[in-house]
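Peer 1: First, the structure itself, so that you have it in front of you.
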Amino acid sequence: MSKKYNLDKESAVTDEKIFINRRKIMASVFSFPFIFNTNMLSASTKRLTFRKDLEYSTNEQTNTLKQISSYNNFYELGTGKRDPMLNADKLKSDNWKLTIDGLVENPFVLDSDNLINKFPLEERIYRLRCVEAWSMVVPWIGFELKNIVNMAKPLHNAKYVAFESILDRENLPGQKRNILNWPYKEGLRIDEAVNPLSLIAVGLYGKVLPNQNGSPVRLIVPWKYGFKSIKSIVRISFVDKEPICTWNEQTPNEYGFYSNVNPYVDHPRWSQKRERRIGEFRKRDTLLFNGYGEFVSNLYSGMDLEKNF
Ligand code: MTE
């Protein structure tokens, strides 16, 4: 993994300013609801203090803030790619509580303030490969999930970590329908959770997360398909059995528990060999483990990844 990348902070800031200014101009010219969504203008104003990670960050060109925050999967806010941006203000993320419990010596709760101040924040530039065969490069801000595992002190019979997203049927438009078995759930083995790549993200492009990207706290597991990277987490529980994961529960023949990016295992309805980077025309070859094999392939030695997909 190259250590050369150095995000040009100015260009990131400029990119965001241009994005917001364009929005403002468009909103004043065409004042209809599709454009005139105040959350798009005011989202993510709080700056974070962080150090830049050089060890695990990719040196590839990052996608723009506009691309990252306007083409999303977040079914709680709708199933269309633009729905999460358009409905972003429906996610109520004030006074957030993240509960850590289950088979641990030390259960605890993190509030919004703890989430950005308790653990040292790093910028990690990761590739995100979606199972729908598109990808992005995102400058996440967060801390290693390992910090939470260490603080919780799992008991010897804890083998997995289960994650649960917000349940708010009153406000979240997607949860008014039973499109998924709400709340959204995900899981990792503990050895996957303590891998240094597993990141708890609280921001991107230097500021707190836009709602549509999973404010105020989400998981990023860059060697797995994007759906493992659960958004707006309210509970992290240590358990002894493989936890339910939403997409595996929904369509077990299409989405397995592991869901490692694997160009050699086709999705039943399409190939996973190639991918389109958002903003590019030509497709790229998809890399095994999304290119993170040197850090994670040992986690799966001896496993048949065609069966454990
Ligand atoms: N988390 C929740 N709670 N709900 C979701 O619908 N979608 C997943 C994942 N996390 C999802 C979620 C999918 S399919 C993807 S590809 C990523 O979020 C997308 O993250 P992004 O919108 O920040 O790019």
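The values are calculated or read from the model by the stated rules, or taken from the named source; none is laboratory data. Predicted, not measured: the structure shown is a model, and the values here were computed from it. Please note: Cβ atoms are built from the backbone with ideal geometry, for glycine as well, and neighbour counts cover all protein chains shown. What goes into the accessible areas is simple: the full protein's heavy atoms, side chains included, and nothing from ligands, DNA or RNA. Shrake-Rupley method; radii C 1.70, N 1.55, O 1.52, S 1.80 Å.
Peer 1: Inspect all residues belonging to segment 147-161 and state whether any of them is of a type in the set (Ser, Thr, Tyr) and either in a loop (DSSP other than H, G, I, E, B) or within 29 Å of Arg277 (Cα to Cα) (or both). Before the answer, list the steps.
Peer 2: Step one: list which residues in segment 147-161 are of a type in the set (Ser, Thr, Tyr), which gives 160.
In the following step, the residues that additionally are either in a loop (DSSP other than H, G, I, E, B) or within 29 Å of Arg277 (Cα to Cα) (or both) were identified as none.
No, because not a single residue in segment 147-161 is of a type in the set (Ser, Thr, Tyr) and either in a loop (DSSP other than H, G, I, E, B) or within 29 Å of Arg277 (Cα to Cα) (or both).
Peer 1: Going by the conditions given, is Lys241 modelled with pLDDT of 95 or more, more than 8 Å from the ligand (Cβ to nearest atom), open to solvent by 10 Å² or more (accessible area, probe 1.4 Å) and not in a strand (DSSP E or B)? Quick ask: steps written out before the conclusion?
Peer 2: Numbers: modelled with pLDDT of 95 or more: yes; more than 8 Å from the ligand (Cβ to nearest atom): yes; open to solvent by 10 Å² or more (accessible area, probe 1.4 Å): yes; not in a strand (DSSP E or B): yes.
In short, yes.
Peer 1: While we're on this one: Which residues, taken from segment 166-191, are part of a strand (DSSP E or B), touching a helix residue (DSSP H, G or I) at 6+ places or on another chain (Cβ under 7 Å) and open to solvent by less than 30 Å² (accessible area, probe 1.4 Å)? If you could, list the steps in order and put the result at the bottom.
Peer 2: Filtering segment 166-191 for residues part of a strand (DSSP E or B) gives 185-189.
With the extra rule that they be touching a helix residue (DSSP H, G or I) at 6+ places or on another chain (Cβ under 7 Å), the set shrinks to 185-186.
Of everything in segment 166-191, just one residue is part of a strand (DSSP E or B), touching a helix residue (DSSP H, G or I) at 6+ places or on another chain (Cβ under 7 Å) and open to solvent by less than 30 Å² (accessible area, probe 1.4 Å), namely Glu186.
Peer 1: Going through segment 212-230 one residue at a time, which ones are open to solvent by 20 Å² or more (accessible area, probe 1.4 Å) and within 21 Å of Phe50 (Cα to Cα)?
Peer 2: Of everything in segment 212-230, just one residue is open to solvent by 20 Å² or more (accessible area, probe 1.4 Å) and within 21 Å of Phe50 (Cα to Cα), namely Pro216.
Peer 1: Restricting attention to segment 43-69, which residues are touching a helix residue (DSSP H, G or I) at 6+ places or on another chain (Cβ under 9 Å) and without any contact (Cβ under 8 Å) to a residue 60 or more places away in the chain?
Peer 2: Lys66
Peer 1: Same structure, new question: Which of the numbered conditions does Gly206 fail, given that it passes all the others? Conditions: (1) within 13 Å of the chain's Cα centre (by Cα); (2) over 20 Å from Val296 (Cα atoms); (3) more than 14 Å from the ligand (Cβ to nearest atom).
Peer 2: (1)
Peer 1: Of these, Lys159, Lys153, which one is open to solvent by 60 Å² or more (accessible area, probe 1.4 Å), under 23 Å from Phe289 (Cα atoms) and touching a residue at least 24 places away in the same chain (Cβ under 8 Å)?
Peer 2: Lys159
Peer 1: Continuing with this model, one more query. Go through segment 130-168 and report how many residues are farther than 30 Å from Asn63 by Cα and away from the ligand (no atom under 16 Å from the Cβ).
Peer 2: Qualifying residue count for the region: 12.
Peer 1: So, in segment 50-85, of the ones that are open to solvent by less than 40 Å² (accessible area, probe 1.4 Å) and hydrophobic (A, V, I, L, M, F, W, C), which residue ends up farthest from the ligand (Cβ to nearest atom)?
Peer 2: Leu65
Peer 1: Another one. Is it the case, given these coordinates, that Asn114 is surrounded by 14 or more Cβ atoms within 10 Å (Cβ to Cβ), outside any strand (DSSP E or B) and either hydroxyl-bearing (Ser, Thr, Tyr) or free of Cβ contacts under 8 Å to residues at least 24 places away in the same chain (or both)? Lay out the reasoning, then the answer.
Peer 2: Working: surrounded by 14 or more Cβ atoms within 10 Å (Cβ to Cβ): yes; outside any strand (DSSP E or B): yes; either hydroxyl-bearing (Ser, Thr, Tyr) or free of Cβ contacts under 8 Å to residues at least 24 places away in the same chain (or both): yes.
Answer is yes for this residue.
Peer 1: Suppose we filter segment 244-273 for residues that are in a loop (DSSP other than H, G, I, E, B) and either within 13 Å of the ligand (Cβ to nearest atom) or not polar (S, T, N, Q) (or both); how many remain?
Peer 2: Matching residues across segment 244-273 total 18.
Peer 1: Still on this structure, I have one more. Can you find, within segment 286-296, the residue that is surrounded by the most Cβ atoms within 10 Å (Cβ to Cβ) among those that are farther than 17 Å from Gly256 by Cβ and of a type outside the set (A, V, I, L, M)?
Peer 2: Tyr292
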